[in-house]
Structures are given as structure tokens and as C-alpha cells.
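One structure is given below, encoded as C-alpha cells.
The values are calculated or read from the model by the stated rules, or taken from the named source; none is laboratory data. As the structure is a computational prediction, the values presented were derived from the model and not from experiment. Cβ placement follows ideal geometry from the backbone for every residue including glycine, while neighbour counts extend to all protein chains displayed. Calculation scope for accessible area: heavy atoms of the full protein, side chains included, ligands and nucleic acids excluded. Shrake-Rupley method; radii C 1.70, N 1.55, O 1.52, S 1.80 Å.
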Amino acid sequence: MTPPDPAGGAALLRYRPTDPAAAPAVQELLDELGLGRLEPEDLAGYGGRNDNWAGRTSTGARVFLKTVARAPDGTSGELDRALSFETLALRLPPGSDLRVPEHLGSHRPGAVSAYRLLPGARSGAEAALDGDFDEDLCRTAGRAVATLHGLDPRGAGLDEGEPPLPPLDWLEAFPWSALRDRSMGQIAAWKLVQDDPEVVAALRGLRERERAAPRTPAHCDLRFDQFVLAEGQLYLCDWEEFRLADPARDVGAFVGEWLFHATCAVFAPTGGGEGSQEPAGFDLSHQEVLRRGGEGLRRHLPRVEAFWQGYLERRTPDPGFAERAVGFAGWHLFDRLIATAQAHATLSPVARAAAGIGRTLLTRPTGAVTTLRLHPPTGAVTTLRLHPPTGSTR
Ligand SMILES: Nc1ncnc2c1ncn2[C@@H]1O[C@H](COP(=O)(O)OP(=O)(O)O)[C@@H](O)[C@H]1O
Ligand SMILES: [Mg+2]
């Protein structure tokens with residue numbers, strides 16, 4: 001039987017949650033907040049990396065609780081980063097383009113946070129699969145992300161450490177200790193990167209340009225499933241990677257999401273949803289792959305463009321921004337193909353195609369900026385420096 005949807009909608013994919021009794025900090029936090037106890041018959045879990053609980057409490061509150069990773073010494077960089085975002089979120093004016101679920105409180109030692117449960121919530125990933133993440137929503141997402149990048153980080157204690165991905169050491173050699181947790185498919189995916197000196201050099205170059213770029217508050221884990229549609233609005237959640245970083249990362253990740261989505265659609269069995277991720281395509285002819293690829297790009301490019309236009313409406317990026325964003329989009333394709341290879345023993349055609357696109361973006365970013373229509377803001381003029389005429393003294 002499908003459990004009732006505590007959010008009052010029918011959209012988010014729900015799971016049987018872990019027994020909250022196994023995480024005593026959940027109840028301790030609810031006690032601190034005066035929210036009573038979770039009603040067991042009304043409890044659901046939503047997909048995600050971390051344990052979470054969505055439900056109603058005995059006081060009638062609707063809450064979304066989640067745990068995040070803790071180090072053996074009890075500290076949690078993930079919680080610290082998420083809380084630093086909440087400090088900044090308090091500064092957002094009412095009606096801001098950046099909407100986030102209201103943070104109710106956190107239990108530091110248990111690394112648990114509570115948020116208001118968004119009613120009728122629907123994940124951006126589901127909306128993308130159903131074709132509902134349309135141009136309007138992309139424009140809204142672009143404005144939200146630009147608003148995030150425009151926030152003044154002073155005094156909020158943001159993490160200033162480098163984002164961990166892509167792990168440059170792994171481009172040379174895979175750590176032996178990491179092998180145990182990787183599938184054969186993932187090892188094959190990493191080998192694709194390691195065996196390609198041009199891609200390795202491009203990733204190193206991207207990291208260098210990132211280091212020289214102006215940094216802003218950035219989400220740093222932007223994917224479709226971090227967007228939530230509820231109450232007719234678009235919300236952005238999951239702030240555990242939030243830090244001071246190159247904002248081109250977030251734009252690149254969003255663009256990369258669409259390109260990965262389009263790649264999956266090429267190999268989806270005909271008749272599936274537009275982004276169905278069923279592995280297929282072993283029998284597709286090269287011609288058919290190209291035809292479907294072209295069609296997918298035509299469908300998705302206007303969404304990328306709408307996101308970028310929304311972004312530019314709220315923020316003027318630095319001159320090298322679009323090229324770095326393309327590089328990060330390229331990395332995002334590798335990141336996604338490595339993640340999806342976890343369940344496989346070999347590399348699927350989707351993974352190989354994604355690697356091909358990722359490679360092109362990383363190694364030829366200038367051309368890709370044009371193809372993806374990441375044009376500079378309208379009205380931006382190139383400043384021509386003119387030397388005074390020879391002999392002129394003024
Ligand atoms: N306040 C909320 N109300 C309703 N749904 C939410 C809320 N916050 C997150 N979600 C949904 O739960 C999913 C998992 O939450 P998220 O914070 O992304 O956790 P994880 O770190 O495990 O990815 C999200 O993808 C989103 O669909
Ligand atoms: Mg998430």
C-alpha cells in the first residue's frame with residue numbers, strides 16, 4: 001500500500017523511512033522546537049543521499065527532517081555549511097527570487113535539521129522527466145541561482161575550502177581504498193577519464209581558472225532533484241555543499257543536467273518519458289543516435305537559454321564565466337555517468353555518449369559557449385583600447 005502523502009500532494013516519490021527511533025536526535029530536536037512527536041501512520045521518506053522523514057507531528061506541524069554526515073569526532077562540515085546558508089537566507093528580502101524551505105532548527109550533535117514540509121512538493125527531477133521543467137521554470141531557476149550568487153557573504157562563516165569535485169588526484173590514479181565501494185561500471189567510467197590526457201589536462205586547467213575567478217556564495221551540488229516545486233513556486237534545497245566558490249559551477253551543473261537528460265533521452269525506448277533513464281540503445285544505428293541527439297538538443301537548448309537569460313536578468317557574470325560554466329557542464333556529465341554507473345558492471349551506451357559530450361565541452365569550451373547560446377549579457381560592449389595617434393601628446 002502506498003503510504004499517505006504528508007505533504008498533501010501526490011507527486012514526490014516516497015519510500016518507507018528509516019525508523020526515527022534509530023536516530024534519537026530527531027525526537028530531541030522536535031522536543032526542542034516544541035513540535036511533539038512524528039505521527040507514525042503519516043510518515044514518509046523522500047529519495048536522497050541522507051535519511052529523511054516527511055510527516056505530520058502530534059502538534060499538527062508538517063515537517064521535513066534530514067540527517068547529514070558526521071565525522072567520527074562528531075563534527076559535521078555538511079551541517080556547518082547548511083547552517084551558514086541559513087544565516088544568509090535570513091537576509092533574503094520577502095518575495096526574493098531565491099526561495100528556500102523554511103529552516104525550523106537543527107540538532108548539532110546529531111546532525112539533524114528540521115524544515116517546514118512544503119505542501120504538494122514535487123521534485124525538479126520528476127518535473128524534468130515529465131517535461132514540466134519548462135522554459136518559464138528554467139528562467140525562474142536562473143534568477144534564483146543568480147540571486148544566490150549575488151548575496152553578500154560577509155559575516156555568515158561560509159566554508160572557503162575548495163569544492164572536492166572533480167578529485168584531481170583520482171585523475172592520475174585511483175586510491176586503492178576507494179576501489180571496494182565502486183562497481184565495475186564505475187571503475188570503467190573513471191578509466192575513461194584517466195585514459196584521456198586531453199580531458200585530464202582540461203580538468204586541471206578548469207581548476208586553475210576556477211582558482212583565479214571571483215568567488216561568491218554558491219550551491220555547489222546543483223541538480224534537478226535539489227529543486228522542489230510546491231505552492232506554485234520553485235524552491236531550492238540541500239545546502240550541504242554550499243560555500244564560497246566559483247559561481248560558474250552552479251550554472252555549469254544546471255546546463256550539464258539538461259545535457260545529461262538529453263543524452264538519456266537519445267537512448268530511451270521510444271514511447272518512454274522524455275528523459276526516461278531506462279538503459280537501452282544497444283541496437284540503435286549511428287544515424288539514429290545522431291538524429292535523436294539533434295532532436296533532443298533542439299528541445300533542450302531553449303531551456304538552457306531561458307535559464308541563462310534569467311541569470312543575466314539578475315547578475316552580470318565576469319568575462320570568463322561562460323567558458324568555465326561550459327567546463328563545469330562537461331565535468332557534470334562525467335560526474336553523472338560515474339554516479340549512474342554504480343548499478344552496472346559495464347558502461348552503457350548512455351554513459352559513453354555522455355562522456356563524449358563531456359569531453360567536447362571540456363576540451364572545446366569556446367565553441368560550446370556558442371552552441372549552448374551562453375552569450376554575454378545584451379548591451380555588454382567590448383571595450384576597445386585605442387592608442388592615441390602617433391605623435392599626439394594628449
Ligand atoms: N522542505 C521540504 N519539503 C518537501 N520536500 C522536500 C523538502 N526538502 C527537500 N525535499 C525533497 O526531499 C528530497 C531530499 O532532500 P535533500 O535535502 O535534497 O536531501 P539529500 O541531501 O538526501 O539529497 C529533495 O530532493 C526534495 O525533493
Ligand atoms: Mg538532494
For this session: Set Lys and Arg Cβ to +1 and Asp and Glu Cβ to -1, take the dipole of the chain about its Cα centre, and tell me which of G55, W331, A71 lies farthest positive.
Result: W331
Exercise. Relative to the first principal axis of the alpha-carbon coordinates of the chain, what is the inclination of helix 197-212, with its axis defined by its Cα atoms, in degrees from 0 to 90 and to the nearest 10?
Worked result: 80
Exercise. Taking only Cα atoms, what is the 0 to 90° angle, nearest 10, from helix 77-89's long axis to the longest principal axis of the chain?
Worked result: 80
Exercise. If you find the alpha carbon centre of region 70-143 and of region 205-235, how far apart are they in angstrom?
Worked result: 12
Problem set entry | region 22-116 - convex hull of the alpha-carbon atoms, volume per residue in Å³ | 115
Exercise. What percentage of all Cα-Cα pairs in region 122-371 are separated by more than 29 Å?
Worked result: 27
Seminar exercise, completed: Over region 115-177, with neighbouring protein chains present, the accessible area per residue in Å² at probe 1.4 Å is 47
Seminar exercise, completed: Toy charge model, Lys and Arg Cβ at +1, Asp and Glu Cβ at -1: the chain dipole around Cα centroid in debye, rounded to 20, equals 1100
For this session: Could you tell me how many degrees, from 0 to 90 and to the nearest 10, lie between the Cα long axis of helix 248-267 and the main elongation axis, the longest principal axis, of the Cα atoms of the chain?
Result: 90
Seminar exercise, completed: In region 204-244, taking the dipole from +1 charges on Lys and Arg beta carbons and -1 charges on Asp and Glu beta carbons about the Cα centre, the listed residue (Q226, A212, W239) farthest towards the positive end is A212
Exercise. For the chain, what is the calculated [θ] at 222 nm in deg cm²/dmol (nearest 500), taking -39500 (n - 2.57) for each run of four or more DSSP H residues and dividing by its residue count?
Worked result: -14000 deg cm²/dmol
Seminar exercise, completed: Counting only protein heavy atoms with a 1.4 Å probe and every protein chain in place, the carbon and sulfur fraction of the accessible surface of the chain in whole percent equals 53
